[in-house]
Amino acid sequence: MGTTNTRNEDGMALAAGLRLALGRIVRRLRQAHAVGDLTLSGVSVLARLAAAGPDSPGSLAELERVRPQAMATTLAGLEQRGLVSRTPDAADGRRAIVSLTEAGRSVLEERRSESVDRLARALDEFTPQERAALRAAMPLLDRLADRL
């Protein structure tokens, strides 16, 4: 019984530490971007479309775990900026298919490059052993993200 409590306390402490550390990293990466830049939701949709190809708004909402109305708002903003385009679904004309435009791909690459450059500069200050430890944790962090 004591082991279960210890495990729960350890798990809670780890979860709290991860939440704080990851939150700080995300906030600092966001702060590096200009006011009026893409929202995190917008970047996530662009990245999903770049990786998986065109998709329907309903499917994107489900995959991003947001309400259809929230996805509609995100897509409207992206479409207004010319970063995505909508076309009728060939199989069901009532549905739309959302695709990444070349402008969207360029914005996504630029955003990724800025964030990756900032992270790489910060990692330059880490020892090879510390970088190896972070690299080894990546599969676990990916698995954790999939379970949330």
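Details
- Viscosity 0.890 mPa s, temperature 25 °C, Stokes-Einstein D of the stretch 24-100 from Kirkwood C-alpha radius, µm²/s: 187
- Hull shadow area, averaged, the chain [alpha-carbon convex hull, nm²]: 12.2
- On Cα atoms only, tilt of 102-123 relative to the major axis of the chain in degrees: 10
- When only the Cβ of Lys, Arg, Asp and Glu is charged (+1, +1, -1, -1), the dipole of the chain relative to its Cα centre reaches about 280 debye.
- Against the chain, whose longest principal axis is taken from its Cα atoms, helix 40-52 shows a tilt of about 80°.
- Accessible area per residue, Å², the chain with all protein chains present, probe 1.4 Å: 73
- Ordering of 128-138, 38-48 by burial proxy (mean other Cβ atoms within 10 Å per residue, highest first): 38-48, 128-138
- Counting protein heavy atoms only, the chain has 57 percent of its accessible area on carbon and sulfur, 1.4 angstrom probe.
- Each of LEU140, SER44, ALA91 was placed along the dipole of the stretch 21-148 (beta-carbon charges, centred on the mean Cα), and the one lying farthest toward the positive end is LEU140.
The values are calculated or read from the model by the stated rules, or taken from the named source; none is laboratory data. Since this is a predicted model, take the numbers as computed values, not measurements. Cβ atoms come from the backbone with ideal geometry, glycine included; neighbour counts cover every protein chain shown. Surface accessibility is based on the protein's heavy atoms, side chains included, excluding ligands, DNA and RNA. Shrake-Rupley method; radii C 1.70, N 1.55, O 1.52, S 1.80 Å.
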